[in-house]
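Written below as structure tokens is the structure these notes are about.
Every number here is computed from the coordinates shown, using simple stated rules; none is lab data. Predicted model, so just to flag it, every value in this text is computed and none were measured. With ideal geometry, Cβ positions are generated from the backbone for all residues, glycine too; neighbour counts draw on all protein chains shown.
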Amino acid sequence: MTFVQVPPVLGNEYDDDVLLRAYLRRTLPAEVRAEIEPALRELGRLSGGPLYELQQADRSSEPVHVPWDAWGNRVDRVELTAVWREAERLAAELGVVATAYERRHGRFSRVHGFALAHLFTPSTDIYGCPLAMTDGAAGALLAAGDAALIARAVPRLTSRDPASFWTSGQWMTELPGGSDVSGTETEARRDGDGEGATGSWRLYGRKWFTSAVSSQMALALARPAGNPAGSRGLALFYVETRDADGRPNHLVVNRLKDKLGTRKLPTAELSLEGVPALPVGGLTGGVKRIAPMLNLTRTWNTVTAASLLGRGLRLARSYAEKREAFGRPLARLPLHADTLLGVEAEAAGATLLAFRLAESLGLVEAGAGDAVADGAGSPPRDPADEALLLRLLTPLAKLTTGRQAVAGASEVVESFGGAGYVEDTGIPVLLRDAQVLSIWEGTTNVLALDALKALDDAGGIAPLRREAVRLFARVRDPALAALCGQACSALEGAERWLEASAGSGGGDAQQAGARRLALQLGRALELALLAQHAQWALETEADARPALLARRFAAHGVASIFQEEAGGRSRAAAAEQVPLES
Ligand code: MFK
């Protein structure tokens, strides 16, 4: 019989996610884990089974923009793919967004919500994008404190009933810029009576990238007529995309974007032709008011990067177990096994950082201290310090994991050989979709600059140093302690560089090094988290694999900045190593 290849298969995506399960055993109180585990396991079954099958069967379909109906009416309908229609219903029923707002498990509610998202996202064709926006919109509206807007939108955004569940879009990017929104041309004009921030407004302008146009509402940046130029003159507005009769609400969908990846996601170009809008929180300071949304979507981006890496890895391992070459399954070929170990180490670092970010968000939102600590015996966390840490972790985690996802997805595709390059295996999409994670919601460079600002506000890296000390507190294994030393050197090197570059005027030199500084901080944190987790796994479960992953991650390198660039006198202690992303 002619030889045929065996396709990769997935099992229960929760049961097979060894790291996620170990992390939850380590960090969640037993009663919380017992309560949430059945739903996670059921989602794991769906994600590795029926949803994955539907995703493969629906592989080549894409959303369709229907501008006109048969009778000449402008309808701007977007017909979604089968996976997206299913994902919309399931996301509501499973409470992928709602969980964090219901707070049934206090400070653990964010870890719970993101564990759901982690399992849900890889099998739903980037439906995580509207969910991220929905979470972000609920967060931004709650932070702005407008009672009427909160009452209208938040119950819908956090509903578990598919019939009343709303998703939100985010309308920022315009032709003058996506990273730099200061040139925003959309104008807000007062509509009828009202003074100050009260009363209705209408928006006029063109939005160049809006995600996702199928949403029922959006938060948009616009410049109230008469406001000054620049980003300070922008305000944040709430809009509903359809009128009471379900027609486009004074907006036109010009076209859907023809993108490299995330092709199931209907990203649109819009013309706003007097969309009714309500100011969120005031008539200036729009960037500051949309920041909670940006930070939440960046957190989703981080979790998604870890999820896609894990999914790619499980597919690659499944294939490697069965595909034979040179007389053995690929998994038994030392070089193939070593290559996948490298991806696993990066995925593990990304996953632990993503969930540390989720922990931090949960702690800050619950306004709680951390009396129980994290199961690894580390000292408790101080709530005030946690808020500073969260502000720093958000851009660092997003940019670090975004680059890891792209590099890791490329390696996964390559591990399939030619099959990974052929569309109907369903593998190439992993790489195409991963590429967006380092672009949208702030590119690596924009987030590196955001991290610089956050470091400035926090007075330096002290919150990160305190976190590292906390993580290292119980690491006793000599090999793991050496890794902690490497992470520590990288943090100290970063600190010296920051001080030296500030001392020599900051400015261009600091900006030029910002990306490498941020990656060094992000990777140092990942290494510290890997070492902490590995110590716990050795002691509690006699499992040596996390220690192997930590060593492998460290061997890829952590440091990437040099003191000389900032005018400093000494080289960063660990700067001789080149990081994976360079
Ligand atoms: C499944 C995955 C989910 C992801 C789905 C995503 C799909 C969405 C498609 C898109 O990509 S939408 C477009 C995304 N666009 C961006 O993310 C914008 C990227 N650019 C930035 O983030 C720039 O840093 C920024 C536009 C915010 C800079 O604008 P400005 O006007 O120069 O802001 P500035 O002066 O730095 O900050 C203004 C205020 O906001 C300051 O506060 P003060 O007024 O009190 O000084 C800042 O501290 C505050 N701020 C800015 N960024 C913040 C923040 N506060 C907290 N967190 C932040 N991240």
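Would you tally the net charge around Ala458, using a Cβ to Cβ cut-off of less than 13 Å, leaving Ala458 out, and scoring K and R as +1, D and E as -1? Working shown, then result.
On the way: positive: Arg391, Lys453, Arg465, Arg466; negative: Asp385, Glu386, Asp450, Asp456, Asp457, Glu467, Glu495.
Once all neighbours under 13 Å are counted, the net charge is -3.
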Task: Rounded to the nearest 20 debye, dipole of the chain from Cβ charges on Lys, Arg, Asp, Glu - done: 320 debye
Task: Rounded to the nearest 20 debye, dipole of region 1-135 from Cβ charges on Lys, Arg, Asp, Glu - done: 500 debye
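Which of the trypsin sites (Lys or Arg not before Pro) found in region 466-567 are in a DSSP loop and have at most 12 neighbouring Cβ atoms, other than their own, within 10 Å?
Working: sites: Arg466, Arg470, Arg474, Arg476, Arg496, Arg515, Arg516, Arg523, Arg551, Arg552; in loops: Arg474, Arg476.
Passing both the DSSP loop test and the Cβ count: Arg476.
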Task: Pairwise Lys count, the chain - Cα closer than 21 Å, eight or more residues apart or different chains - done: 7
Task: Cut-off 14 Å between beta-carbons: net charge of the residues surrounding Arg552, Lys and Arg +1, Asp and Glu -1 - done: -2
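May I ask for the net charge around Glu13, where only other residues with Cβ less than 10 Å from the Cβ of Glu13 are counted and Lys, Arg are +1 while Asp, Glu are -1?
Working: positive: Arg41, Arg45, Arg311, Arg314; negative: Asp15, Asp16, Asp17.
Around Glu13, the surrounding residues sum to +1.
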Open item on the list: Can you compute 3J(HN,Hα) from phi for each residue in region 329-339, using the Karplus curve 6.51 cos²θ - 1.76 cosθ + 1.60 with θ = phi - 60°, rounded to whole Hz and x for Gly and Pro?
Closed with: x, 3, 4, 9, 7, x, 6, 5, 4, 5, 5
Open item on the list: So if a site counts as exposed when it's one of the chymotrypsin sites (Phe, Trp or Tyr not before Pro), its DSSP state isn't H, G, I, E or B, and it has at most 15 other Cβ atoms within 10 Å, what's the longest stretch of the chain without one?
Closed with: 327-582
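Just from its helices, what would the mean residue ellipticity at 222 nm be for the chain, if runs of 4 or more DSSP H residues each count -39500 (n - 2.57) and the sum is divided by every residue, rounded to the nearest 500 deg cm²/dmol? Write out the running numbers ahead of the final one.
Working: 17 runs with 304 residues, N = 582.
About -17500 deg cm²/dmol.
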Open item on the list: Quick check: Cα centre of region 63-118 to Cα centre of region 411-480, how many Å?
Closed with: 25 Å
TODO: Could you list the GluC sites (Glu not before Pro) in region 119-222 that lie in coil according to DSSP, counting only those with at most 10 other Cβ atoms within 10 Å of their Cβ?
DONE: Glu195
Task: Phi-based couplings in Hz for region 422-439 (Karplus 6.51, -1.76, 1.60; Gly and Pro marked x) - done: 10, 4, 6, 7, x, 8, x, 4, 4, 6, 4, 5, 4, 4, 5, 5, 9, 10
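Which GluC sites (Glu not before Pro) in region 299-363 sit in a loop by DSSP (not H, G, I, E or B) and have at most 12 other Cβ atoms within 10 Å of their own Cβ?
Working: sites: Glu321, Glu324, Glu344, Glu346, Glu359; in loops: none.
Answer by residue number: there is no such site.
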Task: Per residue convex hull volume, Cα atoms of the chain, in Å³ - done: 155 Å³
Open item on the list: In Å and on Cα atoms, what radius of gyration and Dmax does region 265-318 show?
Closed with: 18.1, 54
Open item on the list: Quick query: amide H of Asp76 versus all other amide H atoms, modeled in the peptide plane; which residues come in under 5 Å with a sequence gap of 5 or more or a different chain?
Closed with: Trp68
- [ ] Using Cα centres only, tell me the gap between region 251-275 and region 156-220 in whole Å.
- [x] 13 Å
Open item on the list: Going by amide H atoms built from the backbone, whose H comes under 5 Å of the H on Ser200, apart from near neighbours?
Closed with: Asp191
- [ ] Assuming R0 = 30 Å, can you tell me the calculated FRET efficiency for the pair Glu499 and Ala473, based on Cβ-Cβ distance, to the nearest 0.05?
- [x] 0.70
